[in-house]
1. Report the one residue of S83, P36, I70 whose Cα lies farthest in the direction of the positive end of the charge dipole of the stretch 35-93 (charges on C-beta: Lys and Arg +1, Asp and Glu -1; origin at the Cα centre).
2. Tell me which chymotrypsin sites (Phe, Trp or Tyr not before Pro) from the stretch 1-46 have a DSSP coil assignment and no more than 16 other beta carbons within 10 Å of their own.
3. Could you work out the pair-distance distribution P(r) of the stretch 9-100 from its alpha-carbon pairs, with 10 angstrom bin width and percents rounded to whole numbers?
4. Give me the net charge of S87's neighbourhood, meaning all other residues with Cβ under 15 Å from the Cβ of S87; Lys, Arg count +1, Asp, Glu -1.
5. Around T29, under 13 Å between beta carbons, what's the net of Lys plus Arg minus Asp minus Glu among the other residues?
6. Within 13 Å, Cβ to Cβ, of N13, how many net charges do the neighbouring residues add up to if Lys/Arg are +1 and Asp/Glu are -1?
7. With +1 on the Cβ of every Lys and Arg and -1 on the Cβ of every Asp and Glu, and nothing else charged, how large is the dipole of the stretch 9-100 about its Cα centre, in debye rounded to the nearest 20?
8. Expressed in nm to one decimal, what extension gain is obtained for the pair W48 and I22 from 0.36 nm per residue of sequence separation less their Cα-Cα distance?
Amino acid sequence: MAYEIGANARIANPQLKFFERIIGEWRTTGTHPALPGATLRGKVSFAWQDGGAFLVWRSEIEDPLFPDGIAIVGSDDAAGTISSATSTSAASPASMTSPSARPALPCSAWTQNSRNA
């Protein structure tokens with residue numbers, strides 16, 4: 001039997017349970033202050049990684065001015081924060097920390113795609 005590195009860390013993270021309701025693929029519409037009057041359309045997906053230890057958030061907007069992105073979301077239980085490491089097709093990796101267990105999701109309208117989309 002092969003040994004799996006880090007197998008004991010593959011446990012669901014209770015701090016991320018809030019995100020359970022958005023797992024799947026979604027179509028989005030929104031606006032941006034740099035493009036007054038324009039409606040931006042795109043897609044996002046949310047999926048569990050390593051049995052729910054992390055959340056993977058992928059995004060794309062159907063406008064070439066905006067890069068595709070990916071974020072790996074986790075938590076710091078001791079600090080009570082939710083953090084993400086992000087990267088886009090146009091920039092170097094970055095990270096963000098939210099002091100809230102329920103961060104705002106930046107988009108004005110969400111429509112869920114079918115699981116096969």
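Coordinate-derived values only; no laboratory data. Everything numeric here is computed off the predicted structure, so don't read it as measured data. We place every Cβ from the backbone using ideal geometry, glycine too, and count neighbours over all the protein chains shown.
1. The residue sitting most towards the positive pole is P36.
2. Y3
3. Going out from 0 Å in 10 Å bins, the stretch 9-100 shows 15, 41, 33, 10, 1 percent.
4. -1
5. +1
6. Net local charge, N13 excluded: -2.
7. Roughly 180 debye for the stretch 9-100.
8. Computed gain between W48 and I22 is 8.3 nm.
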